[in-house]
Amino acid sequence: MNDAEYIAHPLIKPNTVEKRLYQLALAGEAIKKSNLIVLPTGLGKTIVALLVMVSSLPKGKVLLLSPTKPLVEQHAAFFKGTLTIPPENIALLTGNTPPHKRETLWENAQLVVSTPQVIENDLLGKKINLEKVSLIIFDEAHRATGNYSYVYIAEKYIQQRHEPLVLGITAS
């Protein structure tokens, strides 16, 4: 692995993300318009999301939604280890985060990693809006059906953001 080439980007810590052309190609398309990326487990959907994220962060807040607390924690840890933005600007929101703290965390964060139910509740309670969110990433996007929180959040995002950009990632 000594010959590995790494992605060079001001928002990505040096020598943390290996350069893979198929991931760059997928991200290149997802930066231009909303996309759903379906890749088998282990082929780097999170890296594609990271690449789209670093393109979107200068334009506003990024919201990554994942269906379970362990996945949210895993994503937050990965992004804190990979991104050059201060770790305190990466907010982790789950049902365990007290509602009075969520508003402040939301306001101060550049990247919010959350379970969808928390975001849906805060939207319903008018504690947050999605107007300044430049990108929403829906992890396990195959869940976005019926009454699942992803559907409501996507609808609100399209209403509230002038130029919404959505990235769905899933292995299913």
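The values are calculated or read from the model by the stated rules, or taken from the named source; none is laboratory data. Since we're looking at a predicted model, the values are computed, not measured. We place every Cβ from the backbone using ideal geometry, glycine too, and count neighbours over all the protein chains shown. Ligands, DNA and RNA are excluded from the accessible area calculation, which covers all protein heavy atoms including side chains. Shrake-Rupley method; radii C 1.70, N 1.55, O 1.52, S 1.80 Å.
How many percent of the accessible area of the chain is carbon or sulfur, using a 1.4 Å probe?
Whole-percent figure for carbon plus sulfur exposure: 54.
Whole number in Å², please: accessible area per residue of the range 112-159, 1.4 Å probe, ligands, DNA and RNA not counted.
For the range 112-159, the per-residue accessible area is 46 Å².
Run the helix sum for the chain: -39,500 (n - 2.57) per DSSP H stretch of 4+ residues, divided by residue count, reported at 222 nm to the nearest 500 deg cm²/dmol.
Calculated from helices alone, the mean residue ellipticity at 222 nm is -12500 deg cm²/dmol.
Pick the calculated percent of Cα pairs over 24 Å apart for this structure from (i) 42; (ii) 30; (iii) 36?
(ii)
What whole number of Å gives the distance from the Cα centroid of the range 78-113 to the Cα centroid of the range 1-45?
The range 1-45 and the range 78-113 have Cα centres spaced 23 Å from each other.
How tilted is helix 99-108 with respect to the longest principal axis of the chain? Cα atoms for both, answer in degrees (0 to 90, nearest 10).
In the chain, helix 99-108 runs at an angle near 50 degrees to the longest axis.
Which residues in the range 44-61 place their backbone N less than 18 Å from a point set 7 Å from the Cα of residue 84 along the Cα-to-Cβ direction?
Within reach of a label on residue 84: 50-60.
Helix 69-82 versus the longest principal axis of the chain: what is the Cα-based angle in degrees, 0 to 90, to the nearest 10?
It is inclined by approximately 50 degrees.
Starting from 0.36 nm per residue, how many nanometres of slack lie between residue 155 and residue 11 once their C-alpha separation is accounted for?
48.9 nm
Per residue of the range 50-57, in order, report the coupling 6.51 cos²θ - 1.76 cosθ + 1.60 (Karplus, θ = phi - 60°) as ³J(HN,Hα) in whole Hz, putting x for Gly and Pro.
Calculated HN-Hα couplings, in order: 4, 5, 5, 4, 5, 6, 8, 4 Hz.
Whose amide H sits under 5 Å from the amide H of residue 17, counting only residues 5 or more places off or on another chain, with H placed in the peptide plane?
7
Angle between the Cα long axis of helix 149-160 and the longest principal axis of the chain, 0 to 90 degrees, nearest 10?
Long axis of 149-160 versus the principal axis of the chain: about 90 degrees.
When ligands, DNA and RNA are left out and all protein chains stay put, how many square angstrom of accessible area per residue does the range 1-110 have with a 1.4 Å probe?
54 Å²
Could you run the Karplus curve 6.51 cos²θ - 1.76 cosθ + 1.60 with θ = phi - 60° over the range 29-42 and give me ³J(HN,Hα) per residue in whole Hz, x for Gly and Pro?
Running phi through 6.51 cos²θ - 1.76 cosθ + 1.60 with θ = phi - 60° gives 6, 6, 6, 7, 7, 4, 8, 10, 10, 10, 9, x, 3, x Hz.
Amide H of residue 137: which non-local residues (sequence gap of 5 or more, or other chain) have their own amide H closer than 5 Å, using H built in the peptide plane?
63, 64, 65, 167
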